[in-house]
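A short worksheet on the structure shown next.
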Amino acid sequence: MKQVDGQKLLASLGSGVDALKGRLTPDAPMDRVTWFQAGGLAELMFQPHDVEDLQTFLKLLPKEVPVTVVGVGSNLLVRDGGIAGVVIRLSAKGFGQVELAGENRIRAGAICPDKYVSAMAMDNGIGGFHFYYGIPGTIGGAVRMNAGANGGDTAERLVCVEAVDRDGNPVQLSKAEMGYSYRHSAAPAGLIFTHAVFEGFPEDKAKIRADMDAVRHHRETVQPVKEKTGGSTFKNPPGHSAWELIDNAGGRGLMIGGAQMSSLHCNFMINTGHATGYDLEYLGENIRQQVFEHSGVKLEWEIKRLGAFMPGREVVPFLGAAED
Ligand SMILES: Cc1cc2nc3c(=O)[nH]c(=O)nc-3n(C[C@H](O)[C@H](O)[C@H](O)COP(=O)(O)OP(=O)(O)OC[C@H]3O[C@@H](n4cnc5c(N)ncnc54)[C@H](O)[C@@H]3O)c2cc1C
């Protein structure tokens, strides 16, 4: 059942859209965008050609239309009722570049894969970026999520971020203004990051290469990287590992519909074939309940859940969980 009407929204924007260079797609299937390959439609997807195009679009979009930005969807669970309003997906042409930006500095577009930043750093003997080699997202997602792994994180390397606000105005934020904590940034929710500048340190290329290989080897051994997954489902609560809490509560391998807690890494949720957004979220809430009953710890979602439930298929957060 279709819950959004992208054609109607597109028509309501009038002839102003003719000046845009990017692509507009009404009723865009989000299961083609997310790693989970599940979820409903985006009412209208816009893929801006460049920063100017993004600004033009936001200025013509009525203020009441909600805007959601996505990267490559490696941390997203989209609900089956879809996403109302506009979903922005930056184009590789305008936002995918990575370049040197001074001594030990790298500037990357927000849709640039984290991996490319790692590779650029290695090629130029800049240390501190090997952890990005194992994260399958983009720089925009990394900057929003404070993505990190293998002892490094985005906050440690970031210098500043360029963004566009909901009104289409350019904004610059320093690292301090990003308000970073574990897998979280306190930067205003409506910002669309377009570019970021990072700084590393001089390091031997062979050492960087070895660190990157170790990252890849470790992932391929302990994570279901070839599955339809969203990475770590829950944040590690202070003093605990989420996977250990899930394992001890009997969650390893637990399956609801087509969704399963991976047997290989039980904090990774996987779509075994035809999981819906409902299956995935319902499984996640069941796991939170089980862990709470077993250990008294309230797990917090790391995966971002977006969009609306299908009527009659709402997932109620488990009793005792803080709403998030
Ligand atoms: C196999 C696997 C392994 C993973 N391992 C790790 C890991 O080790 N460490 C880790 O931290 N994460 C990991 N992840 C999760 C994920 O890759 C990261 O969170 C990544 O940073 C998300 O980037 P993305 O482009 O996929 O963003 P999306 O999933 O598309 O979006 C994530 C969030 O970022 C926001 N966002 C995206 N782009 C922008 C932008 N341009 N401007 C503003 N907001 C934006 C979205 O609105 C959303 O809130 C893993 C995921 C998978 C599937």
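Of everything in segment 104-163, what is under 18 Å from the mean Cα position of the chain (by Cα), of a type in the set (A, V, I, L, M, F, W, C) and part of a helix (DSSP H, G or I)? Give them in sequence order.
Selection gives 117, 131, 139, 142, 143, 145, 155.
Filter segment 164-179 for residues that are over 20 Å from the mean Cα position of the chain (by Cα) and part of a loop (DSSP other than H, G, I, E, B) and give the result.
Within segment 164-179, 167, 168, 169 qualify.
Determine, yes or no, whether residue 84 is near the ligand (Cβ under 8 Å from one of its atoms) and under 25 Å from residue 233 (Cα atoms). Write out each step before concluding.
Numbers: near the ligand (Cβ under 8 Å from one of its atoms): no; under 25 Å from residue 233 (Cα atoms): yes.
Spelling it out, it is not the case that residue 84 is near the ligand (Cβ under 8 Å from one of its atoms) and under 25 Å from residue 233 (Cα atoms).
If you check 195, 184, which single one turns out to be in contact with a helix residue (DSSP H, G or I) (Cβ under 8 Å, 6 or more places away or on another chain) and open to solvent by less than 40 Å² (accessible area, probe 1.4 Å)?
On inspection, the qualifying residue turns out to be 195.
Mind listing just one residue for me: the one in segment 199-213 that is in contact with a helix residue (DSSP H, G or I) (Cβ under 8 Å, 6 or more places away or on another chain) and open to solvent by 50 Å² or more (accessible area, probe 1.4 Å) and, of those, nearest to residue 123 (Cα to Cα)? Give the steps one after another, and end with the answer.
Residues of segment 199-213 that are in contact with a helix residue (DSSP H, G or I) (Cβ under 8 Å, 6 or more places away or on another chain), as a first pass: 199-200, 205, 208-209, 211-212.
Now narrow it down to the ones that are open to solvent by 50 Å² or more (accessible area, probe 1.4 Å): 199, 205, 209.
Numbers: 199: 15, 205: 7, 209: 9 Å.
Looking at residues that are in contact with a helix residue (DSSP H, G or I) (Cβ under 8 Å, 6 or more places away or on another chain) and open to solvent by 50 Å² or more (accessible area, probe 1.4 Å), I get 205.
How many residues does segment 283-312 contain that are open to solvent by 40 Å² or more (accessible area, probe 1.4 Å) and part of a helix (DSSP H, G or I)?
Number of matching residues: 7.
Tell me, which strands (runs of 3 or more DSSP E) lie completely within segment 214-282 with 1 or more residues that are within 12 Å of the ligand (Cβ to nearest atom) and under 19 Å from residue 149 (Cα atoms)? Spell out how you get there, then give the answer.
Numbers: elements: 228-232, 259-261, 268-271.
Hits in segment 214-282: 228-232, 268-271.
Name the residues in segment 156-181 that are open to solvent by less than 20 Å² (accessible area, probe 1.4 Å) and without any contact (Cβ under 8 Å) to a residue 60 or more places away in the chain, would you?
Narrowing segment 156-181 to residues open to solvent by less than 20 Å² (accessible area, probe 1.4 Å): 158, 161, 163-164, 168, 173, 178.
Scanning segment 156-181 gives 158, 161, 163, 173, 178.
Would you check if residue 115 is in contact (Cβ under 8 Å) with a residue 24 or more places away in the chain and basic (Lys, Arg)?
No; evaluated as a whole, the condition is false for this residue.
Kindly indicate which of 241, 232 is open to solvent by 20 Å² or more (accessible area, probe 1.4 Å), assigned by TED's automatic domain parsing to the domain that holds residue 293 and either touching a strand residue (DSSP E or B) at 6+ places or on another chain (Cβ under 9 Å) or farther than 23 Å from residue 297 by Cβ (or both).
Exactly one of 241, 232 is open to solvent by 20 Å² or more (accessible area, probe 1.4 Å), assigned by TED's automatic domain parsing to the domain that holds residue 293 and either touching a strand residue (DSSP E or B) at 6+ places or on another chain (Cβ under 9 Å) or farther than 23 Å from residue 297 by Cβ (or both), namely 232.
Among what's in segment 108-152 and is away from the ligand (no atom under 12 Å from the Cβ) and hydroxyl-bearing (Ser, Thr, Tyr), pick the residue that is least open to solvent (accessible area, probe 1.4 Å).
Checking each candidate, the answer is 118.
Residues checked against (1) within 15 Å of the ligand (Cβ to nearest atom); (2) touching a helix residue (DSSP H, G or I) at 6+ places or on another chain (Cβ under 9 Å); (3) of a type in the set (Val, Ile, Thr); (4) free of Cβ contacts under 8 Å to residues at least 24 places away in the same chain:
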{"residue": "41", "(1), (2), (3), (4)": "no, yes, no, no"}
{"residue": "44", "(1), (2), (3), (4)": "no, yes, no, no"}
{"residue": "51", "(1), (2), (3), (4)": "yes, yes, yes, no"}
{"residue": "63", "(1), (2), (3), (4)": "no, no, no, no"}
{"residue": "66", "(1), (2), (3), (4)": "yes, no, no, yes"}
{"residue": "79", "(1), (2), (3), (4)": "yes, yes, no, no"}
{"residue": "96", "(1), (2), (3), (4)": "yes, yes, no, yes"}
{"residue": "101", "(1), (2), (3), (4)": "no, no, no, no"}
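Is it fair to say residue 277 is in contact (Cβ under 8 Å) with a residue 40 or more places away in the chain and either surrounded by 15 or more Cβ atoms within 10 Å (Cβ to Cβ) or among the aromatic types (Phe, Trp, Tyr) (or both)? Break it down stepwise before answering.
Working: in contact (Cβ under 8 Å) with a residue 40 or more places away in the chain: yes; either surrounded by 15 or more Cβ atoms within 10 Å (Cβ to Cβ) or among the aromatic types (Phe, Trp, Tyr) (or both): yes.
The answer is yes for residue 277.
Is there a residue in segment 10-23 that is within 30 Å of residue 159 (Cα to Cα), touching a residue at least 12 places away in the same chain (Cβ under 8 Å) and away from the ligand (no atom under 11 Å from the Cβ)? Lay out the reasoning, then the answer.
Residues of segment 10-23 that are within 30 Å of residue 159 (Cα to Cα), as a first pass: 22.
Subsequent filtering for residues that are touching a residue at least 12 places away in the same chain (Cβ under 8 Å) retains 22.
From what is left, the residues that are away from the ligand (no atom under 11 Å from the Cβ) are 22.
Scanning segment 10-23 turns up at least one residue that is within 30 Å of residue 159 (Cα to Cα), touching a residue at least 12 places away in the same chain (Cβ under 8 Å) and away from the ligand (no atom under 11 Å from the Cβ).
In segment 180-212, which residues are in a strand (DSSP E or B) and among the aliphatic types (A, V, I, L, M)? Walk me through how you get there before you give the answer.
First, the residues of segment 180-212 that are in a strand (DSSP E or B): 180-181, 184-185, 192-199, 201-202.
192, 196, 197 - these are the residues of segment 180-212 that are in a strand (DSSP E or B) and among the aliphatic types (A, V, I, L, M).
The values are calculated or read from the model by the stated rules, or taken from the named source; none is laboratory data. All figures in this text were calculated on a predicted structure; none of them were measured in a lab. Here Cβ is always computed from backbone atoms with ideal geometry, including for glycine, and neighbour counts include all displayed protein chains. Ligands, DNA and RNA are excluded from the accessible area calculation, which covers all protein heavy atoms including side chains. Shrake-Rupley method; radii C 1.70, N 1.55, O 1.52, S 1.80 Å.
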